Amino acid sequence: MALKPINRKADRMVTYLANQGDVPPAEQMAGPVGPAAGAVEGGDENAEDVVALGGRLPEVPEIPHIPLGCSLVFAPGWEVDEAGGTAGLCQPVERDLFDCHLACFWPAHVPDQLNHSPDWTGKCAAAQNDWRKLEMIFP
Amino acid sequence: MSTAGITSPGGLSVSAATATPVTAAATEAANGAATRANGAPAPAPPPSSGASPAAPGLLTPGEFHAFQADGATFLYLVPSAAIFRMDDASLAVLRALERANRTPAELVQRLGDRFPVEEVTNRIDELLGLRAIGLLGKPAPAPPDMLPPKGFPLTTMVLNVTSKCNLACTYCYEYGDDRIVEADSKPRYMDLETARESVDFMFEQGGSNRLVHLTFFGGETLLNFKLLKETATYARQRAREVGKEVDFSLTTNATLLKPEIVDWLAENRVGVTVSIDGPREVQDGLRVFSNGMGSYDIILPRIKDLLARHRTRPIGARVTLTSQNLDVKHIFRHLTEEIGFWEVGFAPVTSSSCRDFSISDAGYDKMLGQFEELAHDFLEHACADRHHGFSNVKDTLEEIHKGVSKAYPCGAGLGLMGVATDGDVALCHRFAGSDEHKIGSVSEGVDVDVQYDYLKKHHINSKTDCRTCWARPICAGGCYHEAHTRYGTTATPNLHFCEWVRSWTHTCLRVYGAISERNPAFLARFDA
């Protein structure tokens, strides 16, 4: 490796990567799974890496992305739902953050973060956990 | 203080919230790009489809903090806490990605006039493997909410042998306005039976740990010296019976040190930390007896006697910094060069923001400036293989060297517990005696449900504010007691410290990088 490992963790990562061969990088970095039993026995020096290197890839294979929020078939999609009512409009679930925000062609459901509400997601570092912290904006 | 030209734009976890979800096709293409980065030239990306702006295979900077030392550029990777020294090609890759997300093919094309194709693709591959870069829309998996296993062994037990103190320091967290425990709610002195039960508890909770540390704490520890002696004797006896070792330390204000106590401390190899705030004018303004009399002239001869005769363990000083004593360098020189302490550690006072002694923002800036100057001194000493007693930098360097990435800011409630005078077990010594922070008792053991509920709430993954901070592997939100005093809850990260902690961590990283360039052999001492 041309990048020079400097501290002990870097040494261990290089060793780990070298030993993992063809395993994809993300999985290599996942570290041990399950409770760090080594910590109890005091014998596994990699026990601390559990937190450091993140989790294993999800067991469930990835499926095509399915929007859960407002409809994309009835453009512009936000006045009525597929059944002609309003009940099914933009359900306030965390997936909306992915579906409606920034990349969405119809940015009606979230504040204009580029111009008026730059801090809107300031308390929402991970949408899966923090979406309830997003508050309504009254222009 | 200069930082490297590279800055992480917030890391993959942020990208995750803003990037368009990756479709199955895009995922496949992205995986293909990652594989291609292993050597084969990558084709141009397919045209953007419809409303999705995420081109497949686009690489984006991961989460890291870049810093420079001695002319070299290093990356501190987050959350792994690994440090790598960059070469020109990897720096060029990161700089190119900093300006815009690009595919491997675009990178090869862009950097082709400066580096061979193979070198660029190899660097991309390495950076991907280390997660210094990632694929746009394909964030690194979040660290697991993994709790420590049940039965995690106790390493250190802090025994509050008394809650009474013969000083009346203006800022004391135990007696001041920010106190958690009312002084009269618990016995003022621990009795021998409770102390023995505590020792038994310690060995039992120690599990497979061969060595356990017993720290005597107070109040003023030496007010209960008789119990302390008897407890140490009992602990040694129990250690022999269970085939373990026990190590002792204590913190004292030094007012009660007598020759026979010093002899005992030396004979029993007890590690001693003296709470002292600096030269006479500082000490006498803050660390006073209840009648207002300063304590400097009382403690100075006692400390000198201790330093002269207790040679079995290095003696350290612990300074509490307040708005009235922020001349860190002056205090450091006084305590090391004039008095002779081996090490000095500094900690800002714990208080709500409104107290007279609370440190203002300007005060924190001043303190940080002085810390940086002392860190520079430390570096010069380290490069010459000489000892320097600034324990704050030493402790941080050790964590950097090992690459710790903390799920919790400290071991409280896990490897470290505090025992109150009545035998109640709390998160740490600062909460000893607080019913709200009780996790068990030495007679009945630890309430595992309470303990794990607490561990769950305080895990770094539960701290939203920390999620995008590059210093979280080392800080993990900071002291629970500080948070409780500031915000009324232990679970909140210490947001008032953030800028300060990041600046200080950056300084220590630079010191570490410089030592690794100039005297790498010095770092081996942190391997122990």
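The values are calculated or read from the model by the stated rules, or taken from the named source; none is laboratory data. Everything quoted here is computed from the prediction, not taken from an experiment. Don't worry about glycine lacking a Cβ; one is built from the backbone with ideal geometry, like all the others, and counts go over all protein chains shown.
Considering only residues in region A:115-132 that are charged (D, E, K, R) and more than 7 Å from chain B (Cβ to nearest Cβ), the one that is surrounded by the most Cβ atoms within 10 Å (Cβ to Cβ) turns out to be A:Arg132. Here is a check on your reading of the model: is B:Asn209 among the polar types (S, T, N, Q), at pLDDT below 95 and touching a Lys or Arg at 6+ places or on another chain (Cβ under 8 Å)? So B:Asn209 passes the test. Tallying residues that are surrounded by fewer than 20 Cβ atoms within 10 Å (Cβ to Cβ), part of a loop (DSSP other than H, G, I, E, B) and of a type in the set (A, V, I, L, M) within region B:427-469 yields 0. Within this structure, B:Glu230 passes the test of being surrounded by fewer than 19 Cβ atoms within 10 Å (Cβ to Cβ) and modelled with pLDDT of 85 or more. So, B:Ile303, is that one in contact (Cβ under 8 Å) with a residue 40 or more places away in the chain, among the β-branched types (Val, Ile, Thr), crowded, with 17+ Cβ neighbours inside 10 Å and not in a strand (DSSP E or B) or not? For B:Ile303, the condition - in contact (Cβ under 8 Å) with a residue 40 or more places away in the chain, among the β-branched types (Val, Ile, Thr), crowded, with 17+ Cβ neighbours inside 10 Å and not in a strand (DSSP E or B) - is met. I'd like to know if region B:333-354 contains one or more residues that are surrounded by fewer than 19 Cβ atoms within 10 Å (Cβ to Cβ), within 22 Å of B:Ala483 (Cα to Cα) and polar (S, T, N, Q). There is at least one residue in region B:333-354 that is surrounded by fewer than 19 Cβ atoms within 10 Å (Cβ to Cβ), within 22 Å of B:Ala483 (Cα to Cα) and polar (S, T, N, Q). Does at least one position in region B:137-146 carry a residue that is under 30 Å from B:Phe217 (Cα atoms), out of contact with any Asp or Glu (no Cβ under 8 Å at 6 or more places or on another chain) and outside the structural domain of B:Tyr452 (by TED's automatic domain parsing)? Scanning region B:137-146, I find no residue that is under 30 Å from B:Phe217 (Cα atoms), out of contact with any Asp or Glu (no Cβ under 8 Å at 6 or more places or on another chain) and outside the structural domain of B:Tyr452 (by TED's automatic domain parsing), so the answer is no. From the list B:Glu106, B:Glu126, the one residue that fits, being buried (at least 17 other Cβ atoms within 10 Å of the Cβ), more than 14 Å from every other protein chain (Cβ to nearest Cβ) and over 30 Å from B:Val448 (Cβ atoms), is B:Glu106.
Counting the residues of region B:382-405 that are in a loop (DSSP other than H, G, I, E, B) and more than 14 Å from every other protein chain (Cβ to nearest Cβ) gives 6. Out of the residues in region B:255-298 that are over 16 Å from B:Ala317 (Cα atoms) and assigned to a strand (DSSP E or B), state the one that is modelled with the lowest pLDDT. So, considering only residues that are over 16 Å from B:Ala317 (Cα atoms) and assigned to a strand (DSSP E or B), the one modelled with the lowest pLDDT is B:Val288.
Whether a residue is of a type outside the set (Gly, Ala, Ser), closer than 27 Å to A:Asp130 by Cα and either in the same structural domain as B:Ala362 (by TED's automatic domain parsing) or touching a Ser or Thr at 6+ places or on another chain (Cβ under 7 Å) (or both) was assessed, and B:Asp453 passes this test. Selection of region B:382-404 for residues being surrounded by 15 or more Cβ atoms within 10 Å (Cβ to Cβ) and not hydrophobic (A, V, I, L, M, F, W, C) yields B:His388, B:Gly389, B:Ser391, B:Asn392, B:Lys394, B:Thr396, B:Glu398, B:Glu399, B:His401, B:Lys402, B:Gly403.
Residues considered: B:Thr485, B:Thr505, B:Thr490. Of these, the only one that is more than 23 Å from B:Phe371 (Cα to Cα) and assigned to a helix (DSSP H, G or I) is B:Thr485. I'm checking my understanding of the structure. Among residues of region A:1-19 that are among the hydrophobic types (A, V, I, L, M, F, W, C) and more than 7 Å from chain B (Cβ to nearest Cβ), which one is surrounded by the fewest Cβ atoms within 10 Å (Cβ to Cβ)? Across region A:1-19, the extreme among qualifying residues is A:Ala18. Condition check for B:Cys469 on (1) within 14 Å of another protein chain (Cβ to nearest Cβ); (2) at pLDDT 90 or above; (3) closer than 26 Å to B:Cys383 by Cβ: one failure, at (3).
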